[in-house]
Amino acid sequence: MNALISLGNAYVRIFTPSSLLLMAAGVVVGIIFGSIPGLSASMAVALFLPLTFSMSPSMGMNVLVAVYIGGISGGLISAILLNMPGTASSIATCFDGYPMAKNGDAGKALGFGIVFSFLGSIFSFIILTFCAPLLANVALKFTPAENFGISFFALTMVAVLASGSMLKGVLAGMLGLIFSLVGMAPIDGTARFTFGSSSLMAGFDTLPTLIGIFAISEILITAESMGHGKMDVIKMKPIKGFGFTWKEFVYQIPNAIRSALIGTGIGILPGIGGSTSGMLAYVTAKKHVKTPGRIWKGLP
């Protein structure tokens with residue numbers, strides 16, 4: 001009973017006009033940070049933190065959560081329009097989002113991303129509200145054996161994603177493993193492959209790595225196209241609403257539920273972020289596609 005009263009008081013504080021206004025502003029700020037490659041949701045939260053010192057604890061937490069969610073969701077904008085993920089969670093969005101944009105369906109891709117990002121957030125908040133203690137107990141029971149199993153399972157996703165060219169997939173996976181070895185060893189603290197540079201002691205940061213893999217390659221491809229007198233320009237077809245029909249929305253509901261469960265399940269585990277859950281959800285969706293030939297060519 002006391003838990004329900006506390007939950008009711010929390011929702012009353014959230015749905016006050018001032019709280020809703022500040023949360024909306026926080027989401028806008030987060031989207032701006034997330035949509036710019038090189039900036040991140042964590043950076044937005046850090047910069048926004050001093051502004052919450054004069055607020056009540058609940059109000060400040062609401063604003064920071066809104067900034068973070070806006071930052072994570074905003075990464076899909078640059079992923080779809082520029083083929084450059086604004087955040088690590090938007091890596092899988094590039095695979096079919098950018099081809100959709102090149103086909104003239106940028107508005108539709110953005111609509112799908114925004115709507116289902118919102119629905120996924122609502123789903124995870126509901127689970128967190130009512131199941132947080134139970135899920136926390138499950139997460140705390142994870143041992144190194146379970147963590148190894150998750151890591152091994154994540155590596156198997158390379159084979160699924162590289163079904164078109166297994167050699168390239170294996171080489172890319174091995175290259176990723178080599179990059180992950182750079183930095184301090186987690187057990188004995190030995191410096192590995194740092195070559196005497198203190199900047200590499202913490203390993204490769206996710207954000208600069210993403211920029212190097214996606215942004216720089218896309219810039220070079222664009223520069224080469226301009227050199228040959230060809231330039232791909234994203235053209236947006238006129239859209240109504242969010243760009244997709246009610247029939248298309250209903251068709252995606254099973255995929256949305258499956259992906260929300262995957263994201264929630266992986267999200268409660270310590271040390272595993274949105275990038276892993278996004279990739280796993282994409283791999284799972286690939287297995288249920290009725291037209292596999294359209295994958296990577298702009299499939300919603």
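The values are calculated or read from the model by the stated rules, or taken from the named source; none is laboratory data. Just so you know, these numbers come straight off a predicted model, no measurement behind them. Don't worry about glycine lacking a Cβ; one is built from the backbone with ideal geometry, like all the others, and counts go over all protein chains shown.
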Practice task
Could you tell me whether the range 3-14 includes any residue that is assigned to a helix (DSSP H, G or I), within 16 Å of G86 (Cβ to Cβ) and either among the polar types (S, T, N, Q) or at pLDDT 85 or above (or both)?
Solution key: no
Fill in the blank from the handout: When the range 49-71 is checked residue by residue, the ones that are in contact with a Gly (Cβ under 6 Å, 6 or more places away or on another chain) and closer than 22 Å to I122 by Cβ are V63, A66, V67, G70, G71
Problem - Among the residues listed as F33, F15, the single one being in contact with a Gly (Cβ under 7 Å, 6 or more places away or on another chain), of a type outside the set (S, T, Y) and free of Cβ contacts under 8 Å to residues at least 60 places away in the same chain - result: F33
Exercise for the section: Identify all residues within the range 288-300 that are in contact (Cβ under 8 Å) with a residue 24 or more places away in the chain and part of a helix (DSSP H, G or I); write none if there are none. Expected result: none
Practice task
Being surrounded by 11 or more Cβ atoms within 10 Å (Cβ to Cβ) and of a type outside the set (S, T, N, Q) is the filter; apply it to the range 182-201 and report the residue that is nearest to K297 (Cα to Cα).
Solution key: V182
Completion exercise
Per the filter on the range 202-216, residues farther than 17 Å from S180 by Cβ and loosely packed, with under 13 Cβ neighbours inside 10 Å are I216
Practice task
Could you tell me whether I239 is assigned to a loop (DSSP other than H, G, I, E, B) and among the β-branched types (V, I, T)?
Solution key: yes
Fill in the blank from the handout: G203 passes all but one of the listed conditions (1) over 23 Å from the mean Cα position of the chain (by Cα); (2) farther than 19 Å from P85 by Cβ; (3) not hydrophobic (A, V, I, L, M, F, W, C); the exception is number (1)
Fill in the blank from the handout: Taking the range 58-84 and keeping only residues that are surrounded by fewer than 17 Cβ atoms within 10 Å (Cβ to Cβ) and under 12 Å from the mean Cα position of the chain (by Cα), one is left with none
Practice task
Determine which single condition K287 fails, assuming it passes every other condition in (1) surrounded by fewer than 17 Cβ atoms within 10 Å (Cβ to Cβ); (2) under 19 Å from L155 (Cβ atoms); (3) in contact with a Phe, Trp or Tyr (Cβ under 7 Å, 6 or more places away or on another chain).
Solution key: (3)
Practice task
State yes or no: is A132 surrounded by 13 or more Cβ atoms within 10 Å (Cβ to Cβ), in a helix (DSSP H, G or I) and modelled with pLDDT under 80?
Solution key: no
Practice task
Look at S121 and say whether it is surrounded by fewer than 22 Cβ atoms within 10 Å (Cβ to Cβ) and of a type in the set (S, T, N, Q).
Solution key: yes
Handout entry: Hey, M55 outside any helix (DSSP H, G or I), among the aliphatic types (A, V, I, L, M), surrounded by fewer than 20 Cβ atoms within 10 Å (Cβ to Cβ) and not assigned by TED's automatic domain parsing to the domain that holds L280 or not
Key = yes
